[in-house]
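The values are calculated or read from the model by the stated rules, or taken from the named source; none is laboratory data. All figures in this text were calculated on a predicted structure; none of them were measured in a lab. In this analysis, Cβ positions are derived from the backbone assuming ideal geometry, glycine residues included, and neighbour counts consider all displayed protein chains. SASA here: full protein model, heavy atoms, side chains in, ligands and nucleic acids out. Shrake-Rupley method; radii C 1.70, N 1.55, O 1.52, S 1.80 Å.
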Protein chains: 2
Amino acid sequence: MTPEDFRKAGHALIDWIADYRQRIAELPVRAQVEPGEVRAALPAAPPAEADQFSALLADLDRVIVPGVTQVQHPMHFGWFPANASLASVLGDIASSGMGTLGISWESCPSLTELEEVMCDWMRQLTGLSDAWHGTIHDTASTACVTAMILARERASRLSKNGAGLQAVAAPLTVYSTAQAHSSIAKAVQLAGFGNDNLRFIEEDPYTRAMQPQALALAIEQDLAAGHIPAAIVCSVGATGTTAMDPVEAIATIASRHGIWLHVDAAMAGSAMLLPECRHLWQGVEQADSLAWNPHKWMGTILDTALFYVRDVPFLERVMSTNPAYLRSAADGQVTQYRDWGIPLGRRFRALKLWFHLRLDGIEAILARLRRDLENARWFAEQVAAAPDWEVLAPVPLQTVCIRHVPKDALGKPLAGEALDKHTLGWLGRINTSGAAFMSPTVLDGRWVVRVSIGVEDTTREHVERLWELLQLAAGQD
Amino acid sequence: MTPEDFRKAGHALIDWIADYRQRIAELPVRAQVEPGEVRAALPAAPPAEADQFSALLADLDRVIVPGVTQVQHPMHFGWFPANASLASVLGDIASSGMGTLGISWESCPSLTELEEVMCDWMRQLTGLSDAWHGTIHDTASTACVTAMILARERASRLSKNGAGLQAVAAPLTVYSTAQAHSSIAKAVQLAGFGNDNLRFIEEDPYTRAMQPQALALAIEQDLAAGHIPAAIVCSVGATGTTAMDPVEAIATIASRHGIWLHVDAAMAGSAMLLPECRHLWQGVEQADSLAWNPHKWMGTILDTALFYVRDVPFLERVMSTNPAYLRSAADGQVTQYRDWGIPLGRRFRALKLWFHLRLDGIEAILARLRRDLENARWFAEQVAAAPDWEVLAPVPLQTVCIRHVPKDALGKPLAGEALDKHTLGWLGRINTSGAAFMSPTVLDGRWVVRVSIGVEDTTREHVERLWELLQLAAGQD
């Protein structure tokens, strides 16, 4: 395709995207397709002939869009806000259009240095000290695998350079809570620790935050058993209920024993842009690594996951390679981000952050986050005040965990399996209708509905409409 | 940013990209900046106020472009062709614009099912049997880490679910050659094997391909020592010289011992689109996993790394999580790509492949690959026939490793340190000039220059011009 063909098609595509975003509120929130339906609409074999751009654009509408769950829809309250602000989309388009290659500083100095500067801007914007140095990963899951490998290598004294984890005599152990994101257990397994060496520490029964005394005890027990405590993963805003592990108390325990402390603030990191929320990760300066995703609530399009460490030389010792075919005269004077993570090649991700911060401006981003906090507070108040409705966890940020508990004919509140059936019933009716979307989770063995507020276009009006829908749907049983 | 603001800025950006690509041949190939120069041109602190799009566009030209090494430039012969075809760029723009979220089938059925279909189209286009099932990773490095974890878990009987790698009594060993990409050794280390357990098998001194007899011997020795051979990484087109390990002979050894065989065809996979090249990976059907990057020579913009396995249930057993907050009614009927790799969230990467294949058409892609093979053959012939020039390795594809070996005053060919100085001298002069770019590598302890042919815009004329430049620069010493 020539640049002139691209110009023509590109203009058509920009219009298509602008129209799409303009009419997004008219689309059903959840994709309306059955398993296999999109696949069945596509040819089983690759086309022999080249096609017109107009045909492809028509297929986007015909085949792809019906199979998209509209997470940019103002009535999307599922999983987490996965905002893809149009300002950041422009940065992503610039990245795609330039077609740069990030495998070393030399392959694209701008890519490396803009990433350094953007990570530093974000550090400043979240009130972190300049002891932290950052990079952009694809996701917090990958950041967590990296953190677990760093922890393993610190505890095993760089066993990777010798006989490996197998040669370490005593088992290495990791500590978290059952509320921690599923990627934590996955990372522990992928890094080779083994699931038996992952300890889920007791939580506070209401806040679901890690109990530091229980952590201290578990570590003491492991030490007494001859184990080597290697890592603690502290969740700042755990996935289910936005539970906030007490970072400071945990960090004190971690540093007492020289244990690697990873702070997972994937969703809640966005809140740290607001000075009034930073008490929620008080103590973070004592952690060893920290990850959070601007591609969630803040709205820099996926994949933008920040990963910060304090000990860069150690990070590089664990992750570096220095192959001959990538050596250049600049070695030693520059950052080589290939030595900060798993993949060698990287996209020009920093452009997304640069465009987002410059075009939307930080004040507008902060105002939007505050709006969402207000909306969540309002919504939680409505639910708490309504008969038969419950708010099941604290609401430190923008996620509200709720349940409708109607009474049966004898005036007894629904419970057990019957309650689960009721919960999934009304949730399913709303999700299937396409009018709004929420995702459930399990608390204390029972389904609850998570209402995650914070899509860029979600105003108070949409939250009010959701509350009406909820009451209507729950009353239909 | 509203959709209308986006529309306006988007049109300006499309024009900027089209202009940029049109004038790319006029830009210096290698970035002309010094370490720190891009960073110094950016404010140290984030801006307080929102900015105009025009200001950002001007800064792209002023700050970013001078710091880009132009890998889309027709005179780029460095590292590998990192083609970002404009057809695939359009697919990437569609992905960015829609702002979808890939964390489960339900979060975007189209994303999952188009990825399934595109991996299957690519499977057919490279002549693989339908025993293979694919996914798109960011890079072949990540695919290799995944493969090493799969190998570890097969050899250790899913130790991740129990006491971990540490509880496996005998050391697990991995086999490759010193020619293998640096990501192989990195993956072995990250997966916890330890570098001592990575065996570099003897290579053929000229083709630099793994010697199967040496592999068989090394495995026998490890078995005799009580070790557990866990993985073999077979390079189809190793980075330095495009060395081709003999897949079939290696696969026979692997299957005899039940060792996981990973085929790394990151660069050379593109050649498998050409039926006449497929003999180069004869035996691949017996491998366990396979990775190659359409984002290299084929030209589907980064990040598009295909990862195929044959045993999907095993892959899912190793990589899966099933957290409550991601469960849905479709579970069990659909593919959950989060269980096929490390990250939970993914971009809508399949659109890049779909747009590329449909808009450029496979015939045009094949013709371009054949053009590059012809150009490499022609170039190697010129070099081999010229006095004082050497081609240092076979040229199975599009990479030619060369050296200029002038004679000193006594008629003795330059050697040792003096030869290295000469090689890096003329290479540096060309790279610094911006007229062309190549990257060096080390063979038998001495620097050689890799000429990697295959940028989309590189015609015979550009290769001829390069050959003139080379002779001129090498003669200046």
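Observations on the structure shown:
- DSSP bridge orientation in chain A - percent antiparallel, rounded to nearest 5: 60
- Using the Karplus relation 6.51 cos²θ - 1.76 cosθ + 1.60 with θ = phi - 60°, the per-residue 3J(HN,Hα) values for segment A:282-291 come to 3, x, 4, 5, 8, 6, 9, 8, 7, 10 Hz, with x marking Gly and Pro.
- For a modelled paramagnetic label at B:Thr2, 7 Å from Cα along Cα-to-Cβ, the residues of segment A:57-88 in reach, with backbone nitrogen under 16 Å, are A:86-87.
- Sparse-neighbourhood loop sites, trypsin sites (Lys or Arg not before Pro) in segment B:104-201 - DSSP loop, at most 10 other Cβ within 10 angstrom: B:Arg157
- Cα gyration tensor category, rounded, prolate or oblate, for the protein assembly as shown with a/c compared to 1.5: prolate
- Computed from backbone phi with θ = phi - 60° and the Karplus coefficients 6.51, -1.76 and 1.60, the 3J(HN,Hα) list for segment A:24-30 is 4, 5, 8, 7, x, 5, 8 Hz; x is used for glycine and proline.
- Taking the Cα centre of the protein assembly as shown as reference, the dipole from Cβ charges on Lys and Arg (+1) and Asp and Glu (-1) amounts to some 820 debye.
- For segment A:134-274, the antiparallel share of DSSP beta bridges with both residues in that region comes to about 15%.
- Whole-number accessible area per residue in Å² for segment B:15-141, which is evaluated in the context of all protein chains at 1.4 Å: 27
- With the simple model of a label 7 Å out from the Cα in the direction of the Cβ, A:Glu202 to B:Ala224 spans 5.7 nm.
- The rule of thumb for compact globular proteins, 2.2 N^0.38 Å, goes into the C-alpha radius of gyration of segment B:261-381 1.30 times.
- Between A:Gln286 and A:Arg317, the C-beta separation translates, for a Förster distance of 22 Å, into a calculated FRET efficiency of about 0.55.
- Summed side-chain charge close to A:Thr207 - residues other than A:Thr207 whose Cβ falls under 14 Å, Lys, Arg +1, Asp, Glu -1: -4
- Taking both sides together, the accessible area buried where B meets A is about 13200 Å² for a 1.4 Å probe.
- Sum of -39500 (n - 2.57) over DSSP H runs of 4+, divided by residues of the protein assembly as shown (222 nm, nearest 500): -12000 deg cm²/dmol
- Remark: spin-label model distance A:Glu374-B:Ala45 equals 2.7 nm, labels positioned 7 Å along the Cα→Cβ axis.
- Of interest is the spacing of the C-alpha centroids, which for segment A:61-87 and segment A:189-209 amounts to 32 Å.
- Qualifying trypsin sites (Lys or Arg not before Pro) in segment B:1-45, DSSP loop, other Cβ atoms within 10 Å at most 11: B:Arg23
- In this simple spin-label approximation, B:Thr252 and A:Leu217 carry label points 7 Å from Cα along the Cα→Cβ vector, and these lie 6.2 nm apart.
- Estimated FRET transfer efficiency (A:Val405, B:Gln333; beta-carbon r; R0 25 Å; 0.05): 0.20
- Where only C-alpha atoms are counted, convex hull volume of segment B:135-206 per residue in Å³: 109
- Placing +1 on the Cβ of every Lys and Arg and -1 on the Cβ of every Asp and Glu, with nothing else charged, gives segment B:433-477 a dipole about its Cα centre of roughly 140 debye.
- Compared with the alpha-carbon gap, the fully stretched path from B:Thr432 to B:Gln124 is longer by 106.6 nm at 0.36 nm per residue.
- Selection from B:Gly341, B:Leu419, B:Leu373 lying farthest towards where the dipole of segment B:301-427 points positive, charges on Cβ: B:Gly341
- Most positive-pole-ward Cα, A:Gly258, A:Ala147, A:Leu165, against dipole of segment A:133-278 from beta carbon charges: A:Leu165
- Calculated FRET efficiency for the pair A:Ala58/A:Glu468, C-beta based, R₀ 25 Å, to 0.05: 0.10
- 10 Å Cβ neighbours from other chains, averaged over peptide A:67-74: 6
- For segment B:426-466, the gyration tensor built on C-alpha atoms gives an oblate shape. Its axis ratio a/c (a ≥ b ≥ c) is at least 1.5, and a/b is not larger than b/c.
- Principal semi-axes in Å for segment B:76-200 [√(5λ), Cα gyration tensor, largest first]: 33, 21, 15
- Prolate/oblate/rounded call for segment A:149-287, Cα gyration tensor, a/c under 1.5 rounded: prolate
- In this structure, the amide hydrogen of A:Thr173, modeled 1.01 Å from its nitrogen in the peptide plane, lies closer than 5 angstrom to those of A:Ile228, A:Ala230, A:Ala231, counting only residues at least 5 positions away or on a different chain.
- Cα lying deepest toward the dipole's positive end in segment B:1-96, options B:Ser54, B:Val89, B:Ile64, charges on Cβ: B:Val89
- Relative contact order of segment B:267-362, pairs being alpha-carbon contacts under 8 Å that are 6 or more residues apart, as %: 21
- Cα centroid separation - segment A:249-309 against segment B:411-477, whole Å: 47
- Think of each Lys and Arg Cβ as +1 and each Asp and Glu Cβ as -1; about the Cα centre, that makes the dipole of segment A:7-46 roughly 200 debye.
- Carbon + sulfur, % of accessible area of segment A:355-467 - ligands and nucleic acids excluded, 1.4 Å: 54
- Among beta bridges identified by DSSP and lying wholly in the protein assembly as shown, the antiparallel ones come to about 60 percent.
- Working from Cα pairs under 8 Å separated by at least six residues, relative contact order for segment A:274-422 is 13 percent.
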